[in-house]
Amino acid sequence: MKHVLFTTTALVALSGAAMADVTWSGSASLGYNDGNITENDDGDQTLPDGINTDIDLDVSMSNAGGYSASISAAMEGGGSITGSDIAISTPVVSIHYGEVVEAANSAYSDTDGLSGLGSDEFTSGDGSGAAVLISAATGGMTVGFSDDSSVDGSASSFGISGDLGGVSFGIGSKGDDWGISASGSAMGGSISVASEEVDGEAGTGVSLTLPLGEMSMTVSATDGDFWGASVSTALAGATISAGTDSNDDTQFGLSTTIAGGFGLAADFDTDNGTELALSYSLSDSATLSVSYNEDLDEDDDDDNNAGTEAKLAFTF
């Protein structure tokens, strides 16, 4: 991560005459949390109990020639402002710096029950710096390369994706791990297949999604005896989903609007426990919410912070 001086310098350099449009946006929240975890399974520190703040600022610049740049700065828990994510796009090449989706993970899409390749929240392995993702699109194909900020090849990842005759494909590689995937239309729905070798273990999977009237059903299976099934539907203004698999992981989700304009979201996952949230829109840009997240897996990657929280959030 670069400090605000880097962000300021980049803004001056990129907001000159070559950039025709500059857009500022962001979000901020003020919350009180009770029962949050202080460290997750990966050793990452999470927000402590008590009053917490979270502020994000995004600046986007573009011109008529297809060139654009964006810079995101964040301040969490009253800490210092850092330029955490920077993206520069041209008609052919895009460069992302900060927290990135690894190139293999951008191209290859695993199915339920497979391990997958790479991460969608990748920084340097020791947590001391950011990562870089470079991608180029030409001839209907996208080629990507990612690595940590040292770019010494120690954490490099590659990906190729595209579309051929209505079938989307992706190939990803990271170290000795690799994966190949494809998806397209089938039987009025969609089908995805994937084959990979991760940590020396090979696997192949398939996933089929079918519309059944007002309901959508997805079934998945791998050659490793894994199976999974889930359904989603809309009922009386509520969105409902449910699923289970051979690992005895059961999920249930519900979101709806209740009396007074309050939004209710409820999720249950065998691995993560119960997550509940009640929200109310004060205006088009401000929301008041209260939530509870059991967060049994302590992955710090849910819709709400772990524990019980009351929060006021707004966008600008």
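The values are calculated or read from the model by the stated rules, or taken from the named source; none is laboratory data. What you are looking at is a predicted structure, and each value in this text was computed from that prediction instead of being measured. Note that we place each Cβ from the backbone using ideal geometry, even for glycine, and neighbour counts take in every protein chain shown.
Data table
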{"quantity": "Members of region 181-218 that are exposed (fewer than 13 other Cβ atoms within 10 Å of the Cβ) and either among the small types (Gly, Ala, Ser) or within 25 Å of the chain's Cα centre (by Cα) (or both)", "calculated": "SER185, ALA186, GLY188, ASP199, GLY200, ALA202, GLY213"}
{"quantity": "Some residue of region 193-203 being out of contact with any Phe, Trp or Tyr (no Cβ under 9 Å at 6 or more places or on another chain), over 20 Å from GLY118 (Cα atoms) and in contact (Cβ under 8 Å) with a residue 12 or more places away in the chain", "calculated": "no"}
{"quantity": "Residue satisfying all of: in region 240-253; more than 23 Å from ASP300 (Cβ to Cβ) and among the hydrophobic types (A, V, I, L, M, F, W, C); surrounded by the fewest Cβ atoms within 10 Å (Cβ to Cβ) among these", "calculated": "ALA242"}
{"quantity": "Output for region 224-248, where each listed residue is under 27 Å from ALA202 (Cα atoms) and either in contact with a Lys or Arg (Cβ under 7 Å, 6 or more places away or on another chain) or at pLDDT 95 or above (or both)", "calculated": "PHE226, TRP227, GLY228, ALA229, SER230, GLY243, THR244, ASP245, SER246"}
{"quantity": "Residues of region 272-316 satisfying the condition of being hydrophobic (A, V, I, L, M, F, W, C) and under 20 Å from THR257 (Cα atoms)", "calculated": "LEU276, ALA277, LEU278, LEU282, ALA286, LEU288, VAL290, ALA310, LEU312, ALA313, PHE314"}
{"quantity": "Residue count, region 233-265 (criterion: more than 27 Å from SER195 (Cβ to Cβ) and assigned to a strand (DSSP E or B))", "calculated": "19"}
{"quantity": "Of residues in region 266-289 being polar (S, T, N, Q) and assigned to a loop (DSSP other than H, G, I, E, B), the one surrounded by the fewest Cβ atoms within 10 Å (Cβ to Cβ)", "calculated": "SER283"}
{"quantity": "Matching residues, region 152-167, being part of a loop (DSSP other than H, G, I, E, B) and on the phi < 0 side of the Ramachandran plot", "calculated": "ASP152, SER154, ALA155, SER156"}
{"quantity": "Pairs, first touching a residue at least 24 places away in the same chain (Cβ under 8 Å) in region 152-170, second assigned to a strand (DSSP E or B) and of a type in the set (S, T, N, Q), C-beta under 6 Å, six or more apart", "calculated": "SER157/SER146; PHE158/SER173; SER161/THR142; GLY170/SER161; GLY170/SER181"}
{"quantity": "Leading residue by the ranking (modelled with the lowest pLDDT) among those in region 249-290 that are under 21 Å from the mean Cα position of the chain (by Cα) and of a type in the set (Gly, Ala, Ser)", "calculated": "GLY273"}
{"quantity": "Test result for ALA136, part of a strand (DSSP E or B), buried (at least 19 other Cβ atoms within 10 Å of the Cβ), in contact (Cβ under 8 Å) with a residue 24 or more places away in the chain and among the hydrophobic types (A, V, I, L, M, F, W, C)", "calculated": "no"}
